[in-house]
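**Student:** One structure, pasted below without further comment.
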Amino acid sequence: MTYFSYDPTEHGFLTVTWMCSRAVFPRVLQKPGYWAFVILNCTLWACLKLDLFSSFGEMFEQGGLFWLDGGHLKIIGALLIFFEVLYTSQCYKRYFMMGTQVQDLFQTAMKCVLDHKVYFTKADPTLCKLLAKWLRGQLLLAFKELKHCRSGEFAEEHWEELQSIGAFSQQEVSILADKRMTQIRYTMLHWQMAVTNEADAQSPRGPPILFGIMSRIVHFHDAQRILWQINSMPVPYVYFHLVNSMISCQGFLGAISMAETPSIVGPISFSLSFALFVGMLEVAKAMSDPFGNGDVDYPLEDWFEAFTENNAGMQAQKVVLDDFTASLEQSKQRTASTKLLSTFLSEDKVQKSVTPVSRSYFASSNGDTQGSKLLDGSPA
């Protein structure tokens, strides 16, 4: 399963309700706990409906052992909805924050390479390529850690695969393989700052420019640390345990209370309403760890592939407008009308497509996309 992108305006609410292939309900139906309470409700309903035990029905009458006031059940349901919605909102907040940090990593890496390309024009071009290679390799390590190596220790086959796809050289692997992920980040930060310092020595631009580029590299390092910290600090377990306990209580009490309904609507209503409670919890759990292969998980392979294409294309591109005189003269002679500019946004005359025409602005035909295959475990 992969990340599912959709258009909320494409279908009506009733049509969307029946489109369950990408919904959470198939996952709910796989939970044994859900079926345990549904079977309990159906069993009690059948016993009352068929009057299998004469004294059994008296237990559900007012004053009986299993009699439950409907108002009390409503209070319990309201409390469950409050705590479950709060838990889901906190999970989505973490989900959004981690997604923002991932995009910040990609953007910062691109800007680091762009800074080298723009400011250090007289330096050896291989220094810029070396920086881009190390940034790309560090992204691979960071995402691989979040997806498959939460301990921060990479197996020997991981390093061999990284070396085989060209992410690191044999010498670099020999230095990094014995370190934990925290040490690897600082080691690569040192390498990236050292190669930047060498580029400045070959093409001096002054302390302010060098400080700005170094600050961006440090920000790239900090963004990884922040992403790891957010991912390693989910909603506290005591709250998670409380929400699960409240859902179990709601399932037990709801199964007893709604079994008193004489019609078949009782078991159906309980099954649907309880599926909503369990489904909301499953959505929150899926968002709490978005580094997998589910429908709500980040499409890291696609994002990384687009990043490598953009990165390679930006390194290969050259300034087309070597002489800006003609463009300046044209801008003086002809000023674009504000009305014409706004008209461009008013109506889309081009047929819309789900897949963009070009995934990358600086797409290169020889862009290295092997790194994206490493993230999902597929062979390079």
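The values are calculated or read from the model by the stated rules, or taken from the named source; none is laboratory data. Computed from a predicted structure; not experimentally measured. No Cβ is skipped: glycine too gets one built from the backbone with ideal geometry, and neighbour counts run over all protein chains shown. With ligands, DNA and RNA removed, areas are computed over all heavy atoms of the protein, side chains included. Shrake-Rupley method; radii C 1.70, N 1.55, O 1.52, S 1.80 Å.
**Student:** Kindly evaluate residue 83 against the criterion of being more than 30 Å from residue 199 (Cα to Cα), in contact with a helix residue (DSSP H, G or I) (Cβ under 6 Å, 6 or more places away or on another chain) and open to solvent by 10 Å² or more (accessible area, probe 1.4 Å).
**Tutor:** For residue 83, the condition - more than 30 Å from residue 199 (Cα to Cα), in contact with a helix residue (DSSP H, G or I) (Cβ under 6 Å, 6 or more places away or on another chain) and open to solvent by 10 Å² or more (accessible area, probe 1.4 Å) - is met.
**Student:** I'd like the residue in the range 7-29 that is out of contact with any helix residue (DSSP H, G or I) (no Cβ under 9 Å at 6 or more places or on another chain) and surrounded by 10 or more Cβ atoms within 10 Å (Cβ to Cβ) and, out of all such residues, is modelled with the highest pLDDT.
**Tutor:** By that ranking, first place goes to 26.
**Student:** Please find, among 293, 310, the residue that is over 30 Å from residue 45 (Cβ atoms), at pLDDT below 90 and surrounded by 18 or more Cβ atoms within 10 Å (Cβ to Cβ).
**Tutor:** One residue alone meets the criteria, 310.
**Student:** Still on this structure, I have one more. Given (1) under 30 Å from residue 114 (Cα atoms); (2) more than 21 Å from the chain's Cα centre (by Cα); (3) open to solvent by 50 Å² or more (accessible area, probe 1.4 Å); (4) not aliphatic (A, V, I, L, M), where does residue 249 come up short, assuming only one miss?
**Tutor:** (1)
**Student:** Considering only residues that are open to solvent by 50 Å² or more (accessible area, probe 1.4 Å) and not β-branched (Val, Ile, Thr), look in the range 223-238 and name the one that is nearest to residue 117 (Cα to Cα).
**Tutor:** Looking at the filtered set, the residue picked out is 225.
**Student:** Kindly indicate the residue of the range 162-216 that is assigned to a loop (DSSP other than H, G, I, E, B) and hydrophobic (A, V, I, L, M, F, W, C) and also most open to solvent (accessible area, probe 1.4 Å) among those meeting that condition.
**Tutor:** 177
**Student:** Quick check, is residue 118 part of a helix (DSSP H, G or I), hydrophobic (A, V, I, L, M, F, W, C) and open to solvent by 40 Å² or more (accessible area, probe 1.4 Å)?
**Tutor:** So residue 118 passes the test.
**Student:** Something else: Keeping to the range 246-291, report how many residues are out of contact with any helix residue (DSSP H, G or I) (no Cβ under 7 Å at 6 or more places or on another chain) and part of a loop (DSSP other than H, G, I, E, B).
**Tutor:** 4
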